[in-house]
Amino acid sequence: SQFESRVAWESEELAAAAGMAHESLAEKASIWVNSGILKKSVDKGTKKVTYKLVEDVEDQVEKPHAHTKPDLSVMSQEQQMEMNMKVYESYVMGMVTNLESLPLEKIHNMLKMFVLEPVYDKTIQEL
């Protein structure tokens, strides 16, 4: 875990250390923030976001609906597609980061095999 070496991270640094896009980090970190494990703060001057590990168990207050996913029924189709594409993007970034260079067809086949939620049903051209 990144928080074993440091208790506080600026979002850009944490995203780089975790090897993911800043937007993906914000989504994933919100789960931990809502669970009371991390505390999110925003510097009013610089607008930089910092995530800090909540070390005192008494301060860990779980927020209601912390583990719920967004309600897809109230999201527009465009919003759902955008959310799905962020998931696919994080898989592709992980593949490229860990396996360096891959042909597009191999990336496409790996997405079809490994992405179960949301189901990857795109064509190579859409990728």
| Any chance Ala66 is out of contact with any Lys or Arg (no Cβ under 8 Å at 6 or more places or on another chain), modelled with pLDDT of 85 or more and among the aliphatic types (A, V, I, L, M) | no
| task | Could you check, for the stretch 15-26, whether at least one of its residues is in a strand (DSSP E or B) and open to solvent by 50 Å² or more (accessible area, probe 1.4 Å)? | result | no
| field | Within the stretch 1-12, tally of residues that are open to solvent by 80 Å² or more (accessible area, probe 1.4 Å) and at pLDDT 85 or above | value | 1
| message | What's the total number of residues in the stretch 38-58 that are of a type outside the set (Lys, Arg), open to solvent by 50 Å² or more (accessible area, probe 1.4 Å) and assigned to a loop (DSSP other than H, G, I, E, B)? | response | 5
| What number of residues within the stretch 27-37 satisfy the criterion of being polar (S, T, N, Q) and either part of a loop (DSSP other than H, G, I, E, B) or in contact with a Ser or Thr (Cβ under 7 Å, 6 or more places away or on another chain) (or both)? | 1
| Is the stretch 44-53 home to any residue that is among the small types (Gly, Ala, Ser) and modelled with pLDDT under 80? | no
| field | In the stretch 27-37, the residues that are among the hydroxyl-bearing types (Ser, Thr, Tyr) and either closer than 22 Å to Ser90 by Cα or exposed (fewer than 13 other Cβ atoms within 10 Å of the Cβ) (or both) | value | Ser30
| message | For the stretch 82-127, which positions are open to solvent by less than 50 Å² (accessible area, probe 1.4 Å), among the hydrophobic types (A, V, I, L, M, F, W, C), touching a residue at least 12 places away in the same chain (Cβ under 8 Å) and not in a helix (DSSP H, G or I)? | response | Val115
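The values are calculated or read from the model by the stated rules, or taken from the named source; none is laboratory data. Predicted, not measured: the structure shown is a model, and the values here were computed from it. Heads up, the Cβs are rebuilt from the backbone with ideal geometry, glycines too, and the neighbour counts pull from every protein chain shown. The area values use the complete protein model at the heavy-atom level, side chains included, leaving out ligands, DNA and RNA. Shrake-Rupley method; radii C 1.70, N 1.55, O 1.52, S 1.80 Å.
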